[in-house]
Amino acid sequence: MTPLIRPPHPAGAAAPARGSRLRRATAIGLAAGLAAAGIALSTKVTAGAAVQGSIPVGTQFYKDPDSQVARWVAANPGDSRQPVISRRIASQPQAIWFSSYRPSTVTSDVKAVTSAAAAAGQVPVLAVYEIPNRDCGGASAGGAPDLASYDTWVRNFAAGLGSGRSVIILEPDSIALTTCLSAQQQADRFASLSRAAATIHAASPNAKVYLDGGHSAWNSASEQAGRLRSAGILTNADGLFTNVSNFNTTANEVNFAKNVLAALGNPANLHAVVDTSRNGNGPAPGGAWCDPSGRAIGNYPTADTGDPAIDAFLWVKPPGEADGCAGAAGTFLPDVAYALASAGSSDPTPPATTPPTTPPPTTTPPTTPPPTTPPPTTTPPAGAACSVSYKVANAWSGGFTADVTVRNTGSSAVNGWSLKWTFPADQKITSAWNAKTTQSGATVTATDLGYNGTIPAGGSTGFGFQGTGSGTTSPTAFTLNGATCSVS
């Protein structure tokens, strides 16, 4: 795939056209080949220890004010597409890609990003895409000229990180896609990736480094785990990333990532991150990966995933930047961005700008002991008003996707919500986004994911799902935390 070219930017080039295509790499007997060649894959490097523990739930990721989408939004205030793109894409933190080989400036390029992020009190996500022979010489061919040059480039990259926290997406496709490499070349690449992770940790102990996990429709979990082990994940990394530039559902990717971690022995210090930038509607029919239509933004970036094995949902591939079919690879296309944003289930919930205030302490101790359990989440009082909009977004033979919007028309906020309904026909939910769903027979319960649990008075939240069965018959009754809602 063609490397991206765009106007100069402090962080280098934009996210490549790649897309982690829905292809299953041809097995080439890596282990057998290495054994036959007598190659040992001992890649442990002790120069730096991996950061332990998950990304804190309250982490705010860095939003680049100079991203392509931010520049477009600022330059087009009268465009009819601008409000939706601004609210649902430009407002969100996205990875900054380093995919142009500029060894003389990479340190200052990285420092420009990490310094700006530190000043904003945010954590940058940096995608490194410089491995030699990347994309196996395909359309995104490029990178450093050789591994020795790559090692030097990584040292220069790491020198710009500083002491603050950062998230490093180290070389998409580099481990999942190796079919063009000989056994010796694979061993050399994996050793170089292990050195790269150790070098980054040595220079910046607060960096978290994730290695290429491919995605759920590519290599098996056991095969990917074996490759990750050879690339030093157990000694020099903090985990793996999946679904970069792809469209597989969050549920499938979480399940796949956890299977990979299980195949690695579930080390306590290893977790995963998932690219959710364009997976709101799941993959395109037939597995099309190059700017397929009908896709949607997925889970908004957050470290509050509700799963201790998953450190974060991230937007690694910036939504709206072309894969190379709808336009030149890496360029921002407002039509593509608008389509992705419009198909999203809801606007993001803005984070609180100030911490909640607490009353001053009393001068005398309370006469009754404090409760031993936290107070329950608030629910609408009896007769509380709520309304639900249920819309079938797409339908085909045997399946459909639906968007659900829940509006709190009462006078007080709802903190923690549970929406229930009964399907009138044979529908079954297969995956959901922006909500957790359970189904018993025809009865469905959808609950918040924590980050979207508050619905202010007069406000709304939304989620979506994909299901099997008929999309032409919709439920007609909903309850929110036990209160009956009107249907709009």
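The table below gives the values:
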item: Long-range HN-HN contacts of Ser418 with modeled amide H, under 5 Å; result: Asn481
item: Paramagnetic reach from Ala442 (point 7 Å along Cα→Cβ, amide N under 20 Å) across the range 405-428; result: 419-428
item: Label-reachable residues, the range 99-133, where backbone N falls under 16 Å from a point 7 Å from Asn206's Cα toward its Cβ; result: 111-126
item: The range 71-175, relative contact order [Cα under 8 Å, separation at least 6], %; result: 31 percent
item: Vicinal HN-Hα couplings computed from phi for the range 224-240 (Karplus, 6.51 cos²θ - 1.76 cosθ + 1.60; Hz; Gly/Pro x); result: 5, 4, x, 5, 4, 4, 5, 8, x, 5, 6, 10, 10, 10, 9, x, 9
item: The range 386-487: relative contact order in percent, alpha carbon pairs under 8 Å with at least 6 residues between; result: 39 percent
item: Proxy reagent accessibility, fewest Cβ within 10 Å first, across Leu240, Leu234; result: Leu234, Leu240
item: Full-stretch length increase - Arg102, Ser486 - with 0.36 nm per residue and alpha-carbon distance subtracted; result: 132.4 nm
item: Value of relative contact order over the range 30-343, rounded to a whole percent, pairs C-alpha under 8 Å and six or more apart; result: 20 percent
item: Distance (nanometres) between label positions extended 7 Å along Cα→Cβ at Lys428 and Asp335; result: 3.9 nm
item: Shape call, the range 386-487: gyration tensor on alpha carbons, a/c limit 1.5; result: prolate
item: Backbone HN-Hα couplings from phi across the range 113-122 [Karplus 6.51/-1.76/1.60, Hz, Gly and Pro as x]; result: 6, 5, 5, 5, 5, 4, 5, 8, x, 10
item: Cα gyration tensor shape for the range 244-312, rounded if a/c is under 1.5, else prolate or oblate; result: prolate
item: Highest to lowest packing among 283-295, 244-256, scored as the average C-beta count within 10 Å; result: 244-256, 283-295
item: Zone residues, the range 245-267, relative to Asn394, backbone N less than 18 Å from point 7 Å out along Cα-to-Cβ; result: 245-253
item: Sequence of Trp97, Trp218, Trp396 once ranked by neighbouring C-beta atoms within 10 Å, starting from the fewest; result: Trp396, Trp218, Trp97
item: Ordering of 311-317, 98-104 by packing [mean C-beta count within 10 Å, highest first]; result: 311-317, 98-104
item: Order by protection proxy (mean Cβ within 10 Å, highest first), peptides 161-174, 69-82; result: 161-174, 69-82
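Values in this text are rule-based calculations from the coordinates and carry no lab data. For clarity, every value in this text was computed on a predicted model and none was experimentally measured. Cβ sites come from the backbone with ideal geometry, for glycine too, and all protein chains shown count toward neighbours.
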